[in-house]
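Here the structure comes first, spelled out in structure tokens, and everything after it is commentary.
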Amino acid sequence: MEHLVSSWYNDRSLPESYILPPEDRPGMLPLGKNIPVVDLGAHDQTDILQQILEASQEFGMFQVINHGVPSNLIDEAMGVFKEFHALSAEDKAIETSKDPDKSCYMYTSSHNYATEKYHFWRDGLFHHCNPLEKYIQFWPEKPPKYREVVATYTAELRKVVFRILEFIAQGLGLNPDHFSSELCENQVVLVNHYPPCPDPSLTLGLCKHRDPIVINILLQSDVYGLEVLKDEEWIGVEPIPYAFVVTLGVLMQIISNGKLKGAVHRVVTNSNLARTTATFGLHPLYETLIEPAEALVDASNPALWKVGVVSKESEEESKESFATTPSSGGEEGRPANMPLVKSHSSDFLVPVDISGVLPLPSPSSSHHYQKRVIAVTPTVPATLGSHRSAHPIVKAKALSDRTDNPEQNPTKNGQKTHHTRPHAPPEFFA
Ligand SMILES: O=C(O)CCC(=O)C(=O)O
Ligand SMILES: [Fe+2]
């Protein structure tokens, strides 16, 4: 594990490696702007649905209040998250190295600490949570209540997030249980910790990015830090006690065929307060192929993208390949800064234009947030947003071995699952 910020930041000026180029530093924000707050306890369900839909279209992000998660449970969860990050570096290392398959681990800045050009002012504790019986044995046992509290907390969050997903599905005109599928079965907790920072004007806690998942439920502490980009302007997300921030990820943008937005966001640091936050993120099982929902595609609304999601193995590999790509070169036609994403069982390389879809690369350093999506092929020119594009060459696996066999592709509630593209050309892969 690299050196966690929390183990050395005290009494030091900001190291050079954390100082961002002027254009990437946080600047002044417009006053008086905020993101929508949806009252999930309100009577009028149609109104709730409408508010969620509008916020998802405009911001890709909103806060929810009266969501039903008891406030004492939220306090307890935040308590154990903070206690964990207050442990010694040795204890943190021991508590996060119980699973040889690394379903629980810690890192600092991004996954590419060793090779990124700039670092970010955050430590992260990551672990899987679904199915609980499989993963809880690898969670930290310090603080002693961590497992019990986080198991209860994530069970409650699951109810909230699937309720929100039902609203979203209905709002899109899909079956209410559209997301109660392998699209959201991979469920992970990421506990971020941003220690007080010697100079918040020069660095960031997290770079500008979109989450590489379907949806994220964030518990932010009472310390300000999160900002979302709307119409080329950063808007601060004010902490509201016991509220959750719901962030739509890039995969929701794709599933909704561009109707909803994956929020572009970043985290700023604070000079005298530490900030601890926890995300509960939902994304597809490994190797699930996802694409715009069938019901949202027709002659006048063609599918905007085809997408593959990496396997666990290639996720591991991609950490390295992202790290080495800028200097290694090698593949023809690949610009020096083009990230390379590898798939473990592939025979050929396909360059794909993912502009408009993938989580944004960090302005100057890692491609950490791209690690789960290996291939996105716009079928019509991408229309979403003006941001830096990345053009990975994807070592791809042909889909020719996929079939429509119902045993291989079980249906759920009579619905087709999302991982079959039997007739897809080889560029569309997982
Ligand atoms: O800590 C926060 O406020 C946001 C964290 C975040 O964006 C992430 O973990 O992807
Ligand atoms: Fe994020």
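Every read-out reported here was derived from the displayed coordinates using simple, explicitly stated rules and does not represent laboratory data. This structure is a prediction, so every number in the text was calculated from the model and none was measured. Counting neighbours? That spans all protein chains shown, and the Cβs are built from the backbone with ideal geometry, glycine included.
The table below lists the values:
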read-out	value
Under the Karplus curve 6.51 cos²θ - 1.76 cosθ + 1.60, θ = phi - 60°, whole-Hz ³J(HN,Hα) for the stretch 268-278, x wherever Gly or Pro sits	9, 9, 10, 7, 10, 10, 7, 10, 10, 9, 9
Calculated from backbone phi, Karplus (6.51, -1.76, 1.60) coupling profile of the stretch 148-154 in Hz, x at Gly/Pro	5, 5, 6, 5, 5, 4, 5
Sorted by Cβ density within 10 Å, fewest first, the residues 71, 181	71, 181
Estimated inter-spin distance, residue 134 and residue 272, nm [label 7 Å along Cα→Cβ]	4.7 nm
Normalised alpha carbon radius of gyration of the stretch 5-283 [divisor 2.2 N^0.38 Å]	0.98
Length released on extending from residue 75 to residue 43, taking residue separation times 0.36 nm less the Cα-Cα span	8.9 nm
When each of 134/159; 33/259; 102/145; 117/159; 159/259 is checked by Cα-Cα distance, pairs over 28 Å	117/159
Cα-based Rg and Dmax for the stretch 55-204, where Dmax is the largest Cα-Cα distance (Å)	17.5, 50
For the stretch 252-262, 3J(HN,Hα) per residue [Karplus equation, 6.51 cos²θ - 1.76 cosθ + 1.60, θ = phi - 60°, Hz, x = Gly/Pro]	5, 4, 6, 4, 7, 6, x, 6, 10, 10, x
Packing-based order for 262-275, 23-36, using average beta carbon neighbours within 10 Å, highest first	262-275, 23-36
Simple label model, 7 Å out from Cα along Cβ direction - residue 34 to residue 152, nm	3.0 nm
Gained length - residue 299 relative to residue 222, 0.36 nm times residue gap less alpha-carbon distance	23.0 nm
Cα-Cα separations in the stretch 1-141 greater than 18 Å, expressed as whole percent	72 percent
Binned Cα-Cα distance frequencies in the stretch 183-311 - 5 Å width, integer %	2, 10, 17, 20, 17, 14, 10, 6, 3, 1, 0, 0
Separation of the residue 93 and residue 8 label points, Cα + 7 Å toward Cβ, nm	1.3 nm
Relative contact order (%) - criterion: Cα under 8 Å, at least six apart; region: the stretch 5-283	27 percent
